[in-house]
Amino acid sequence: MRDALVNPKHVDDYGRGVRRYGRQVFASQNLQEQIDRMAQAHNAIIIRHLDDRILAWNQGAAALYGWSEGEVQGKKIHTLLRTEFQEVRESIELVLCKEGQWEGQFTQTHRTGRCMIVASRQVLVHMGPHQAAVIVEMNRDETERAFLVREHIEAAVREAALQETAQQMSAFVGMVSHELRTPLTSIKGHLQLAQLHLTRLQLRVIGEEGMKQALTTIQYSLDRADRQINVQNRLVNDLIDLSRIQTDQLNVQQTQCDLVQIVQEALEDQRILMPSRLIRWTSLIIQAPVLADEDRIGQVINNYISNALKYSPVDAPVDVRLEQEKAMIRVSVRDEGSGISETEQQLIWKRFYRVEEHENKNGSGVSLGLGLYISRALIEQQGGHVGVESVPTCGSTFWFTLPSISSE
Ligand code: ADP
């Protein structure tokens, strides 16, 4: 801790000052003259006997500790200032006697009772063959600096702890999500099997109205269960992606592909899922070759379109558009929904962020506020950018760009 609190350079300058001062002062044999010269110095300089009694104390020391020289002369310094050492006191004295100097920190108390961390440089000075040696101390208040350094260290420790917790959390989320996905896949498989058997059974039942009715009810339940499983799957996959992003393991498999085709496929998926909604499509170019991970780009477009459908009135259209913008291809999804304020436009890309007052217009299930966060990570990893243009109550346009291969 001591090392962290004392800047060695300062202590060195400090030490050199003391040595220079000591040489000047004590070159003369006249102690009173030496003490008078010392009194003019700005730094706190104290001369004390080996038994701690104060011999002289300059204005700097008076300013540092709040006692005048007259009040302290002859008093034992460590009793007066209630010095608390960070190491055994005898070992400091031993160093002083053997090496002629010591430097370090201790805590002392100001006249008012205020505790101070003091950096001290002490030199043993021999006055002459017939005079006892004295100790010259140069002391400096380090409380504020020590406080700042401690704050800095504590903040760094807190930050490291937070990072560790975040990493453990991501690893935990990743592990749990993987565990959840396995039974979900199995449930989905069984559901599809049940739907298949049911369809075959429905074909065989002819004329039995009661039975037909019962089978239709079962089919309705199975379809609902299937939709819920899809929602669960999406949530679990989002959590897995989140953990991958946070552990830098979000891998994309980029191949040369046509963005026009990827957008059209995603659009068809959404039309099947929401047949009652109008999703319009405009492409200003016939082909848009990009180097991208098809599935992952499809995931981003699906997320943009499903959000547009979710957050706009059921009778409002959604427009999907593709165009070339210099070296980039731009895909945008426009809706006529509630729109997003400027502040929220920055925040919605953060993980778990959801705008509270946004009503999900088509009631299509739970959301974690991860879709845009994942979309942004996926697009940026593939060399593109994401963004939104929106005016509250006038709808939103979510867009992303990817580098076009043809113009490279
Ligand atoms: P979520 O699963 O909650 O939709 P997203 O990350 O995809 O998560 O979106 C974050 C939030 O951004 C949403 O909760 C919603 O408040 C807002 N948002 C996203 N798309 C739109 C949109 N087209 N119109 C209005 N708000 C939107």
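Observations on the model:
- Measuring spread by the Cα atoms of the range 149-246 yields a radius of gyration and Dmax of 23.7, 86 Å.
- Relative contact order of the chain, defined on C-alpha pairs under 8 angstrom at six or more residues apart (%): 10 percent
- Highest-fluctuation residue, Arg277, Arg351, Arg48 considered, GNM on the chain with Cα pairs under 10 Å: Arg48
- With coordinates expressed along the principal axes, the C-alpha atoms belonging to the chain extend over 128, 52, 39 Å, beginning with the largest.
- Residues of the range 293-314 with an amide N closer than 19 Å to a point placed 7 Å from the Cα of Gln254 along the Cα-to-Cβ direction: 293-301.
- Computed about its Cα centre, the charge dipole of the chain is approximately 640 debye, with only Lys, Arg, Asp and Glu carrying charge at their Cβ.
- Portion, in percent, of the accessible area of the chain that falls on carbon or sulfur, probe 1.4 Å: 54 percent
- Within the listed set Arg82, Arg354, Arg204, the residue fluctuating most in the Gaussian network model of the chain (springs between alpha-carbon atoms under 10 angstrom) is Arg204.
- Seen against the Cα atoms of the chain and their longest principal axis, helix 209-246 is set at about 30 degrees.
- Across all C-alpha atoms in the range 63-203, the radius of gyration and Dmax reach 34.6, 123 Å.
- Using alpha-carbon coordinates, inclination of helix 294-310 to the longest axis of the chain, degrees: 80 degrees
- Within a Gaussian network of the chain (alpha carbon springs, distance under 10 Å), most fluctuating of His49, His130, His197: His130
- Distance between the range 208-270 and the range 74-109 - C-alpha centres, whole angstrom: 73 Å
- Working from Cα pairs under 8 Å separated by at least six residues, relative contact order for the range 149-246 is 51 percent.
- Percentage of interatomic Cα-Cα distances in the range 255-407 larger than 28 Å: 14 percent
- 0 to 90° range, to nearest 10: angle between helix 259-273 axis and the chain longest Cα axis: 70 degrees
- The residues of the chain expose, per residue, 56 Å² of accessible area to a 1.4 Å probe.
The values are calculated or read from the model by the stated rules, or taken from the named source; none is laboratory data. A quick note: this is a predicted structure, and the numbers were derived from the prediction, not measured. Reconstructed Cβ throughout: ideal geometry from the backbone, glycine too, with neighbour counts over all protein chains shown. Calculation scope for accessible area: heavy atoms of the full protein, side chains included, ligands and nucleic acids excluded. Shrake-Rupley method; radii C 1.70, N 1.55, O 1.52, S 1.80 Å.
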